[in-house]
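Take a look at the structure set out below.
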Amino acid sequence: MYYHRHIEPVVERISKRKPVIVLTGARQVGKSTMLKEVYKDINYVALNRPLVRESARENPSLFFNVNKPPVIVDEIQKAAELFDYIKDIVDEDKMKGQFYLTGSQSMKLMKNISDSLAGRAGVIRMLGLSIRELAESYYREPFLPVPERMGQREKGNIGFDYSKIVSFIHKGFFPELHETESDLHDWSDYYSSYFQTYIEKDIKDVLNIQDESAFIKFVKAAASLTGEMLNLSTIAEICGKDVKTIKAWLSVLESSGLVYLLEPYYNNLNKRMVKTPKLYFLDSGLACWLLGWNTPEQLTNGAMWGHIFESFVFAEVLKSYYNDGVVKPPLYYYRDTDKNEIDLVIADGDYLHPIEIKTTSDPTRSMLNAFRRLDNIPTKKVGTGAVICLAKERLPLADNVWILPAQMI
């Protein structure tokens, strides 16, 4: 089953403005599937096929004589020789929407784009399926807890209950897992294969890893620290590697679209704010598999349920911005030197919208104590806030703060 992706109109919009469209994201989030579904009449070429890749590298000019634009080129980073030829083609022919390029390793991809296609390419980031997409909801505005958007969101309400939300969080959001009904054996087999493919095809392309077991420990350590402030020394100690190596590995994990470093909101006028980012694993199912939470029941009864739920909520908010074409969403967290913390802060013009993320179904006002810290930030106003949780319906909690069910993201 194909779920229509909310990012489809963004691709169409950018294809009318740019000759090259670059779609980047983690392996198997559905990049090429979406392009082939939307652009059925456009030629599709996959560079993960050895003979095709060799042809592209050895004779790039002939490659585009055979595969004339408009064309979809999957895993474009595997044949960097093509970028200069794409540049020459679009400089000669100014037609928009000529090349649709996908790549799962954006570190190499973005370097080639900045070197050869600066100003010519529109970049779109893509994550796995969102709960909006799984519910086939028409609502696609970026998440913001303001009354107008929440009202629109309720009109297209998803209606997932607690058990369905938990099941989704445990299963994860790679499209293949949702194409047919599957059991926990399928789930385990999928992630085992996915992770090995990721190491073999993505990691070894950019890192010369001599100690694969240490890298696996690193990824598991990153998953175990999801939703926490980044501590490179802790991860380095777990893996038995130095901090420099961990930084390099983390940058690849980030560029692969598997983790996100959420920066703290920082204002030069307030010196009491911390500057360390928070680490989020972007697919909750992969994190569950890495950490050994093999059933939804194990997950909700386990010590990390709060962190996994927070990671899920953050990823859903992030998807809502990426799916609107926002490459650098205005998302932050707040923490000061007195350890007052707000899980998520969304900047919107002059306003900062504070959000707490809790697994409870009955949030209390005491969870909002840190919100008033935003009053001390010069030049900014505090906007509508929310507690995103497992409640069943949207309700007011305090003045200008709402209880929001997770399905309303």
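Using a Gaussian network model of the chain whose springs link C-alpha atoms within less than 10 Å, name the residue from Ser320, Ser251, Ser213 with the highest mean-square fluctuation.
Result: Ser213 has the largest fluctuation of those listed.
If the limit is 21 Å between Cα atoms, which of Lys36/Lys78; Lys164/Lys358; Lys31/Lys78 go over it? Can you show the working numbers first?
On the way: Lys36/Lys78 19 Å; Lys164/Lys358 17 Å; Lys31/Lys78 16 Å.
From Lys36/Lys78; Lys164/Lys358; Lys31/Lys78, over 21 Å: none.
Please state the shape class of segment 8-126: rounded when a/c is under 1.5, otherwise prolate if a/b exceeds b/c and oblate if not, all from the C-alpha gyration tensor.
Taking the square roots of the gyration eigenvalues as a ≥ b ≥ c, segment 8-126 is rounded.
Only Cα pairs within less than 10 Å get springs; with that Gaussian network setup on the chain, which residue of Gln77, Gln210, Gln196 has the largest fluctuation?
So, out of Gln77, Gln210, Gln196, the one fluctuating most is Gln210.
Report relative contact order for the chain in percent, whole number only (criteria: Cα-Cα under 8 Å, sequence separation at least 6). Kindly include the intermediate steps, with their values, before the conclusion.
Numbers: 677 pairs, mean separation 66.7, N = 409.
Across the chain, relative contact order equals 16 percent.
Going through the cross-link list Lys204/Lys244; Lys319/Lys380; Lys16/Lys40; Lys339/Lys392, which pairs have a Cα-Cα distance over 20 Å in this structure?
Working: Lys204/Lys244 18 Å; Lys319/Lys380 25 Å; Lys16/Lys40 17 Å; Lys339/Lys392 31 Å.
Long pairs (Cα-Cα over 20 Å): Lys319/Lys380; Lys339/Lys392.
Values quoted throughout were computed directly from the atomic coordinates according to the rules given, and no laboratory measurement underlies them. Being a predicted model, the structure only gives us computed values, none of them experimental.
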